[in-house]
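Written below as structure tokens is the structure these notes are about.
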Amino acid sequence: MKKKLVVLTGAGISAESGIKTFRDSDGLWEGHNVMDVATPEGWRKNPALVLDFYNQRRQQLKDVQPNLGHQILAELENDFDVYIITQNVDDLHERAGSTNITHLHGQLLKVRSSKNENYILDWPNDLNFGDVDQQGNQLRPHIVWFGEQVPALEEAIEITEQADYFAVIGTSLQVYPAAGLIDFTPKKTPIYYIDPKPIKIPNLRNPIEVIPSIASEGVRILKEKLQTNL
């Protein structure tokens, strides 16, 4: 039986592939205030802006590639039962070859009905006004915006509760509920925390090893450490 490695990834791992984050730039995401493009209020106020914003993000995905961090996580499936829980909406983990991925905040390459959150379609190209579901409702990006529920959270908690190892890679641990997943790890499960600017995690009951590195270098170190336990 392979040991279960659960990995929580954030914007830091995708940033190395050229995908910009908004937390590094005063709340701006590709020059836009996140409240304008990543909230239900922004969608109601200016849906054309929101559609254009995510169309650009979708096109950007075609110009970037998985980096070494993504690739090593995929390779770890040779030795471990790897489950990736990601805050990222890109498909770089999939393209690198990882097979068990839970997207907490939705996916850029999917859209859903603006009235029925369970009506979800694969959508690799632009989403426009007039693209509707079977009942004639406008389709919207399949993104969990600020203020919305996180449908995949329960699944992520169940996965975390079974972890033999838990790794946090490239996330500030400031965005909830994702940041709270660390509290659902079994008591004796070791935690590896990879971030170039790690924060102090209060009231942590688990053994933790901090790897103060960028994601790709930290994942390489993580692989070496985990393989010594095989």
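The values are calculated or read from the model by the stated rules, or taken from the named source; none is laboratory data. Bear in mind that the values here come from a model prediction, so they are computed numbers and not experimental data. Heads up, the Cβs are rebuilt from the backbone with ideal geometry, glycines too, and the neighbour counts pull from every protein chain shown. Remember, those area values only see protein heavy atoms, side chains included, never the ligands or the DNA or RNA. Shrake-Rupley method; radii C 1.70, N 1.55, O 1.52, S 1.80 Å.
From the alpha carbon gyration tensor of region 93-230, can you work out the equivalent ellipsoid semi-axes (sqrt of 5 times each eigenvalue) and give them in Å, largest to smallest?
That gives 34, 17, 14 Å for the three semi-axes.
For a quick check, take a GNM of the chain with Cα springs below 10 Å and name the residue from 46, 88, 203 with the largest mean-square fluctuation.
Of 46, 88, 203, the Gaussian network model singles out 203 as fluctuating most.
Residues of the chain: accessible area per residue at 1.4 Å, in Å²?
Numbers: 11440 Å² over 230 residues.
Dividing the accessible area of the chain by its residue count gives 50 Å².
Could you put 145, 29 in order of accessible surface area, largest first, with the 1.4 Å probe and the full protein assembly present?
Highest to lowest solvent-accessible surface, that is 29, 145.
Among 146, 129, 184, whose mean-square fluctuation peaks in a Gaussian network model of the chain (Cα, cutoff 10 Å)?
129
Sort largest first and round to whole Å: the equivalent ellipsoid semi-axes of region 1-102, each the square root of five times a Cα gyration tensor eigenvalue.
Whole-Å semi-axes of the equivalent ellipsoid: 30, 14, 12.
At a probe size of 1.4 Å, how large is the accessible area of residue 20, to the nearest 10 Å²?
The value for residue 20 is about 130 Å².
So if we plug the beta-carbon distance of residue 204 and residue 135 into 1/(1 + (r/R0)^6) with R0 = 35 Å, what FRET efficiency do we get, rounded to 0.05?
E between residue 204 and residue 135, to the nearest 0.05, is 0.15.
If you count only protein heavy atoms and use a 1.4 Å probe, how large is the accessible surface of residue 142, to the nearest 10 Å²?
Estimated to the nearest 10 Å², residue 142 gives 30 Å².
What full-extension length gain, to one decimal in nm, is calculated for residue 197 and residue 148 as 0.36 nm per residue of separation minus the Cα-Cα distance?
Extra length from residue 197 to residue 148 when fully extended: 14.8 nm.
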